[in-house]
Amino acid sequence: MNNLRKFLVGAGIVSVGAIGTKMAVDYFQNRQEEQVRDESLGDAQPESAEEVAYAIVESNSVQDFLDKSFGNTGRYVPNRPAKIFDYQGKQYMVIWAKDNQLNKNQMLAFLYTEKGRDLIASVGYTSEKTDYNLHELSTTPFAIKINGQKLTSGKAETDGTENVDFVLA
C-alpha cells in the first residue's frame with residue numbers, strides 16, 4: 001500500500017477510483033475536481049519529482065473529517081474540491097470550506113507525518129478581508145496565493161478576496 005493510501009485510511013477519508021498522477025504545476029492550478037482514474041488501472045506512481053500523486057475523495061468523507069477534527073458538526077462545510085496528494089514523498093490535504101460560525105470561507109492545509117497531522121496553513125477570507133496564519137508553510141515547497149501574491153510565512157490580515165489558492169512556492 002502506498003503512502004497516500006495509508007494516509008487516506010488513517011484519516012478516514014474515502015477515495016473514488018485509483019490514485020492518479022499529474023504535473024504539480026497543473027494540479028495546483030485546477031480549482032475543479034480532477035479526473036477519476038479507473039480502478040482497473042491500479043494506482044499510478046509519479047514518474048518525476050515534478051509530479052503529484054493525488055486522490056479524488058468523497059465530499060461526505062471530507063465533511064466527516066471536518067466534523068470529527070473540529071468537534072463542531074456542520075461548522076465547516078466543504079465548498080471546493082479538496083486536494084489530497086503526495087508530493088516528493090510527503091502527504092498533504094488542503095480543504096476549502098465555509099465556516100458557518102464565523103461566516104467566512106476557510107482554507108486549511110495539513111501535512112501528515114508519522115506523529116500525526118500538522119496544520120501548516122489556515123486562511124480565512126471574505127470579499128472584505130483575509131486573515132492568514134501560515135504556521136509551518138515555509139518548511140514546505142508550497143505557498144498560498146491571495147490576490148496574485150504568493151505568501152509562505154507569517155500571520156496577518158490583508159485585503160479581501162474571492163479565492164485562495166495553494167500553489168508551488
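The values are calculated or read from the model by the stated rules, or taken from the named source; none is laboratory data. Everything quoted here is computed from the prediction, not taken from an experiment. Cβ placement follows ideal geometry from the backbone for every residue including glycine, while neighbour counts extend to all protein chains displayed. Accessible surface areas use protein heavy atoms only, side chains included; no ligands, DNA or RNA. Shrake-Rupley method; radii C 1.70, N 1.55, O 1.52, S 1.80 Å.
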Quick test for you: out of 132, 92, pick the one residue that is closer than 19 Å to residue 7 by Cα, part of a strand (DSSP E or B) and in contact with a Ser or Thr (Cβ under 9 Å, 6 or more places away or on another chain). 92
Just checking, how many residues over segment 69-91 are open to solvent by 60 Å² or more (accessible area, probe 1.4 Å) and under 15 Å from the mean Cα position of the chain (by Cα)? 2
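Do we find a residue being touching a residue at least 40 places away in the same chain (Cβ under 8 Å), part of a strand (DSSP E or B) and out of contact with any Cys (no Cβ under 7 Å at 6 or more places or on another chain) anywhere in segment 147-163?
no
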Residue hits (segment 140-149; open to solvent by 40 Å² or more (accessible area, probe 1.4 Å) and under 16 Å from the mean Cα position of the chain (by Cα)) are 141, 145
Filter pass, residue 136 being open to solvent by 60 Å² or more (accessible area, probe 1.4 Å), under 24 Å from residue 27 (Cα atoms) and in contact with a Leu (Cβ under 8 Å, 6 or more places away or on another chain): yes
From the set of residues in segment 16-27 that are farther than 14 Å from residue 86 by Cα and not hydrophobic (A, V, I, L, M, F, W, C), which is surrounded by the fewest Cβ atoms within 10 Å (Cβ to Cβ)? 26
Do the conditions hold for residue 68, that is, is it assigned to a strand (DSSP E or B), basic (Lys, Arg) and touching a residue at least 24 places away in the same chain (Cβ under 8 Å)? no
